[in-house]
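> Sharing a structure here in structure tokens format.
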Amino acid sequence: MFSDKHKTAGVAYPQGFTAAGVRAGIKKNGNLDVALIYTEREAAVAGVFTQNLVAAAPVHLSKIVVGTGTAHAIVANAGCANACTGEQGVHDAEQMAQVAADALGCRQDDVIVASTGLIGSYLPMDKMTAGIKDAAQKLSRDGSVNAGNAIVTTDTYSKACATEVTIGGKEVRFGAIAKGSGMIRPDMATMLCFITTDADIDQKLLQEALSDATEVSFNMITVDGDESTNDSVVVLANGAAGNKKIVAKDADYEKFSETLKTICVEMAKRIAADGEGATKFITVNVTGAKSFEDAKRVGMSVANSPLVKTAFFGQDANPGRTICAVGYSGVEIVPAKVVIKFGGLTVYEKGLVTQFDADAMKKVLAEHDIIVDIELGLGEAQATVFTCDLSFQYIKINADYTT
């Protein structure tokens, strides 16, 4: 579904969208650090943001823009989070939006703002202003790759994808870029994801579709259990595809919603797989729960366990750590009903750690992608959580983050 063509097209793949990424000198390493996404045609806008009560200034400003229902642009930077910066931070976020608006010929409240990077530092507004103006001059249909690279921090690569679907007899395109590697947990993670589509859809339905998609994607990933101050997922839908406007939860809406969900899950998986210092991508499938909430809680308990994560890093078959995390999840379980499998090999059932084939287990644990299946035997609900292992490199990255 996501070809190489789609990967490079990203947020500029839908009709009417352009993008750019430039160097403004905000990142210490001198890499691209200011991104701009633009649609001349007014777009419906939806957003989901961090639930951390210490939210960054750009989050507060972008919530206001989403509240207006429409937008024309997204401006984002990496290298400075503009979080815990007080009134100055609010002013700087507003100035980012105003500079972009002036350069693009729209209003300040037409511009979504996002920042990522070190918490507690003020934005260098002289560099930011110059960077935004430069990005506005470089907007193009080929600009998504640079825009994606401009928002990464400790990521090892920029996440991007695009796809299309037929809705109402019209080809409707979707594109996305995202960043996220550390300080990742649900509700959301230290991540940014910007999605564009040329679908014509009612703004309230767009928001509902995004909220539903987020619940099974970005709210189902964890790297280290830390929740950031800056998390933002934003969708712009400019209607350029010319489909009959989606105004009800009909077949067109379902097709739109499922495609958006597919995009979000794909980007969430890439973020989890690119966790800081990660050597393994781990999928935790929890089935047989009484509710989705119970299944998610069990999955997150396992995925956030440092002992589970380090065992997978060391390729150490230690199922006792996994059943332990299931047991302290806070969900009522019956240990004798629980069945746990690593890569299809049963490691726990009927209240006992099982005898498994050691050579077969070595092959499972040597893989980059590992699937952990947990059957609770209590109901029909299920959930899937995406995570990674915890390596020596994670410690090094975060021990040296400010130095």
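> Taking segment 143-160 as the region of interest, how many residues are more than 14 Å from the chain's Cα centre (by Cα) and either of a type in the set (Lys, Arg) or not in a loop (DSSP other than H, G, I, E, B) (or both)?
So the count comes out to 6.
> I'm trying to understand the selection: among the residues of segment 368-399, which are acidic (Asp, Glu), under 24 Å from the mean Cα position of the chain (by Cα) and loosely packed, with under 14 Cβ neighbours inside 10 Å?
Within segment 368-399, 369 is the sole residue that qualifies.
> From (1) crowded, with 21+ Cβ neighbours inside 10 Å; (2) part of a loop (DSSP other than H, G, I, E, B), pick out the condition that doesn't hold for residue 118.
The single condition residue 118 does not satisfy is (1).
> So which of 286, 347, 331, 338 is at pLDDT 95 or above, surrounded by 20 or more Cβ atoms within 10 Å (Cβ to Cβ) and within 15 Å of residue 384 (Cβ to Cβ)?
Among 286, 347, 331, 338, only 286 is at pLDDT 95 or above, surrounded by 20 or more Cβ atoms within 10 Å (Cβ to Cβ) and within 15 Å of residue 384 (Cβ to Cβ).
> Of all residues in segment 83-106, how many are surrounded by 21 or more Cβ atoms within 10 Å (Cβ to Cβ) and either outside the structural domain of residue 71 (by TED's automatic domain parsing) or farther than 21 Å from residue 37 by Cα (or both)?
Looking only at that region, the number is 3.
> Another question, then. Please specify each residue of segment 236-270 satisfying the condition of being outside any loop (DSSP other than H, G, I, E, B) and either under 18 Å from residue 371 (Cβ atoms) or in contact with an Asp or Glu (Cβ under 8 Å, 6 or more places away or on another chain) (or both).
The answer is 237, 246, 257, 261, 265, 266, 268, 269, 270.
> May I pose another question? Pull up segment 231-253, narrow it to residues that are within 18 Å of residue 40 (Cβ to Cβ) and of a type in the set (Gly, Ala, Ser), then point me to the one that is surrounded by the most Cβ atoms within 10 Å (Cβ to Cβ).
Restricting to residues being within 18 Å of residue 40 (Cβ to Cβ) and of a type in the set (Gly, Ala, Ser), the top hit is 237.
A quick yes/no check of all residues on (1) hydroxyl-bearing (Ser, Thr, Tyr); (2) out of contact with any Gly (no Cβ under 6 Å at 6 or more places or on another chain); (3) over 30 Å from residue 152 (Cβ atoms):
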position: 289; (1), (2), (3): no, no, yes
position: 307; (1), (2), (3): no, yes, no
position: 313; (1), (2), (3): no, yes, no
position: 345; (1), (2), (3): no, yes, yes
position: 355; (1), (2), (3): no, yes, yes
position: 358; (1), (2), (3): no, yes, yes
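Residues checked against (1) of a type in the set (Val, Ile, Thr); (2) surrounded by 24 or more Cβ atoms within 10 Å (Cβ to Cβ); (3) touching a Gly at 6+ places or on another chain (Cβ under 8 Å); (4) on the phi < 0 side of the Ramachandran plot:
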{"site": "31", "(1), (2), (3), (4)": "no, no, no, yes"}
{"site": "46", "(1), (2), (3), (4)": "no, yes, no, yes"}
{"site": "52", "(1), (2), (3), (4)": "no, no, no, yes"}
{"site": "58", "(1), (2), (3), (4)": "no, yes, no, yes"}
{"site": "62", "(1), (2), (3), (4)": "no, yes, yes, yes"}
{"site": "68", "(1), (2), (3), (4)": "yes, no, no, yes"}
{"site": "76", "(1), (2), (3), (4)": "no, yes, no, yes"}
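> Would you check which residues across segment 256-283 are of a type in the set (Gly, Ala, Ser) and either surrounded by fewer than 21 Cβ atoms within 10 Å (Cβ to Cβ) or over 20 Å from the mean Cα position of the chain (by Cα) (or both) and list them?
The one that is of a type in the set (Gly, Ala, Ser) and either surrounded by fewer than 21 Cβ atoms within 10 Å (Cβ to Cβ) or over 20 Å from the mean Cα position of the chain (by Cα) (or both): 257.
> Still on this structure, please answer the following. Among the residues of segment 292-305, which ones are in a loop (DSSP other than H, G, I, E, B) and without any contact (Cβ under 8 Å) to a residue 40 or more places away in the chain?
Hit for segment 292-305 is 305, nothing else.
> Sticking with this structure for a sec: From 195, 184, 221, which residue is within 19 Å of residue 42 (Cβ to Cβ) and either at pLDDT 95 or above or outside the structural domain of residue 313 (by TED's automatic domain parsing) (or both)?
195
> Take segment 51-97 and flag every residue that is without any contact (Cβ under 8 Å) to a residue 12 or more places away in the chain and in a helix (DSSP H, G or I).
Correct list: 67, 86, 87, 91.
> Right, residue 161: crowded, with 18+ Cβ neighbours inside 10 Å and without any contact (Cβ under 8 Å) to a residue 60 or more places away in the chain or not?
No; evaluated as a whole, the condition is false for this residue.
> Further, regarding this structure: Can you report the number of residues in segment 254-285 which are under 14 Å from residue 219 (Cα atoms) and acidic (Asp, Glu)?
1
> Considering segment 294-348 alone, what residues qualify as being closer than 19 Å to residue 281 by Cβ, more than 26 Å from the chain's Cα centre (by Cα) and small (Gly, Ala, Ser)?
Across segment 294-348, the qualifying residues are 314, 317, 344.
The values are calculated or read from the model by the stated rules, or taken from the named source; none is laboratory data. Just so we're clear, the structure is a prediction, and the values are computed from it rather than from any experiment. Cβ coordinates were reconstructed from backbone atoms using ideal geometry, including for glycine residues, and neighbour counts include every protein chain displayed.
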